[in-house]
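This report concerns only the one structure given below.
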Amino acid sequence: MFSSVVSSVLSTAKQVLLLLPSAMMVLNIFFAIVVVFYERRNPAVTWSWLMVITLVPYIGFVFYLLVGLDSRKYRLFSAKAKKDELLCKQMMEQSGDNMERQLKVVGQKNILQVRGSEHYNDMIYLNIFSGGGLFSKNNHVSLFHEGGPKFDDLLEGIRTAKRFIHLEYYIVRNDDIGRRLVEALAIKAAEGLDVRFMYDGMGSVTTPRKLFRPLAAAGGKVTEFMRPHFFRINFRNHRKICVIDGETAYIGGLNIGNEYLGKSKRFGHWRDTHIKVRGDAVAQLELRFVMDWNFCSTDVIHLRDGFFPRTSGITRGVAMQIISSGPDTAQHNIHYAYVKMISEADKSIYIQTPYFVPDDAVFESLKIAALSGIDVRIMIPAKKDHPFVHWANLSYLGELVEVGVKCYLYQKGFVHSKMVLVDSLVSSIGTANMDIRSFKLNFEVNAFLYDAQVTKALEEQYLRDIEDSSQLTMEEYAKRSHAVKVKESVSRLLSPLL
C-alpha cells in the first residue's frame, strides 16, 4: 500500500517536472506580452526589456517591475501636473503676465537684440509654449565651476537671509558639508525664517534622518520626495534648487556632499557647473520649488504666502528661461530644447555631461551638425561612475568620432557638469544629463541663457577643461579590447533602460 502511494507521488512529481519548463516558458511569454502592452509607445524601450526578459527569464520581469512599468507614472503624477498648471496660471495672473503676452513679445523681429540671433526666437517660443518657461531679460548670473566657491557663496547667502530659504536637492550627505549646511539652516530657522528642505528619497537613501533633526528642532521643515520602495525606485527628483528671500537662486549640477568639494578618494577633483541668479528668473525657480513641495508635503505653500517679490531691482541683464521636465510635465521640455539648440547651431556645439546616452533625435541631430561643418565637441569623464553607462557612452562617442565630432575624456578627476553651449551665444546649465533617463524619467530643471558674455565665459572654462582631457581618436578607439567591445555592445542595447 505504502509503496504504491510513493510510486504514485513520484509519478505525479515526474509529470510536473516534465511540464514545468513549458509552464515557465508560457509564464515568461505572458511577462513579455505585459511589457509589450505597457511599453507600446516606445519600441526601443520595448525591445530592450524583451531582451532582458528573454536572456534572464523571470528575474528580468522582476527587474522590470522595479525600474520599468512606465505607465505607473501617469497615475502618480497626472494630479500633480494639473495642480502645477493651475499654480502657473495663478502665478501669471498675480504678476500681471500671461502666455499670450509672452508669445507676443517673442514675436518681435529680434528679441535678443544681437545680430544674427533672430533664429533663436523659435527656441524661446518653444520653451514658452511647450515648457511654460517665461522669458525675462533682467537677470544677473554668477558662474561656479567647482564646489568650494559655490558652497562658500551659498552659506554666506544663508547667513544673510532675511525672510526665507527653500532648498531642493537630489543628494544630501551626512558629512562635513552636509552638517555645516543643516547647522546654518537651523540657525536661520531659530531666528524665525521660513526654512524648508526637500530631498529625494532615492538619491539620499543612505542619509540618516537624524541629519535633519537640528533643523526640525529649530522650526525648519523637512520633507522627502517619494520614499523609495519595491515598486518605486524610478522617477527621481534630480533637481537642485536653492532660493533665498525670492531674490537669489542657485541651480546646477552640484549636490550636497564632500565629493562635490573634491574630497572623494574615488573621484578626486570634482568639476561641475552651477550658477547663482538674481532677477525675474528667481520667481520661476521658486515656483518650481513650490510645485514640488506641495506634491510631497501636507504643509501646502500658497502664492499669497509672500514668497514671490514683485521686482528684482535689476532693469537690464541676462536673458533667460527656466525649463522643467519630468513625469509631471506633458512634454519632454528639456529634451526638446536640447534638440532645438543643436538644430539651430551655425558654428559650434559644446557639450559636457557625465552621462552621454542620447536618444535617436539628439544623436542624429549631432551627426547632421558635424557633417554640416559645425564644430561639435563632447566631453565626458574618463573615470567610470556607472560601468554600463560608461561603456554605452563610449559606444555612442565612437560612432560620432567617425563623422568628425571631437570627443574628450576628462582626466583630472570627475566632470559632473551638464552644459550645452551653442554659437558662443546660447547656453544651458542645469541638472539634466544628455541621456534618456534625464529626458523622460527624472524630474529635471535647466536654465537656458541667451547671453554672449555668459556663454563665452562658459566656453573659456570648457577649453580649459580640454587641456585636462585626452581626445578620443579613431586610432585610440580602434585599440579597445574585445572584452570592451562586448561590454559596449551590451550596454548600447540596454541604453534605453540606463
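The values are calculated or read from the model by the stated rules, or taken from the named source; none is laboratory data. Since this is a predicted model, take the numbers as computed values, not measurements. Neighbour counts run over all protein chains shown; Cβ positions are idealised from the backbone, glycine included.
Key figures
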{"item": "Residue list for the stretch 122-168, filter: modelled with pLDDT under 90 and surrounded by fewer than 17 Cβ atoms within 10 Å (Cβ to Cβ)", "result": "122, 129"}
{"item": "Subset of the stretch 254-276 (residues that are within 19 Å of the chain's Cα centre (by Cα) and either within 22 Å of residue 454 (Cα to Cα) or not hydrophobic (A, V, I, L, M, F, W, C) (or both))", "result": "254, 255, 257, 259, 260, 270, 271, 272, 273, 274, 275, 276"}
{"item": "The one condition in (1) within 18 Å of residue 238 (Cα to Cα); (2) at pLDDT below 95; (3) among the polar types (S, T, N, Q) that residue 395 fails to fulfil", "result": "(1)"}
{"item": "Residue 340 vs. criteria basic (Lys, Arg), outside the structural domain of residue 240 (by TED's automatic domain parsing) and surrounded by 20 or more Cβ atoms within 10 Å (Cβ to Cβ)", "result": "yes"}
{"item": "Segments classed as strands (runs of 3 or more DSSP E), wholly inside the stretch 146-233, with at least 3 members that are under 30 Å from residue 462 (Cα atoms)", "result": "164-169"}
{"item": "Any hit, the stretch 124-145, residues being among the small types (Gly, Ala, Ser) and part of a helix (DSSP H, G or I)", "result": "no"}
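Listed here are the residues, each with its yes/no results for (1) in contact with a Lys or Arg (Cβ under 9 Å, 6 or more places away or on another chain); (2) over 27 Å from residue 121 (Cα atoms); (3) surrounded by 22 or more Cβ atoms within 10 Å (Cβ to Cβ); (4) not hydroxyl-bearing (Ser, Thr, Tyr).
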position: 355; (1), (2), (3), (4): yes, yes, yes, no
position: 366; (1), (2), (3), (4): no, no, yes, yes
position: 383; (1), (2), (3), (4): yes, yes, no, yes
position: 410; (1), (2), (3), (4): yes, yes, yes, no
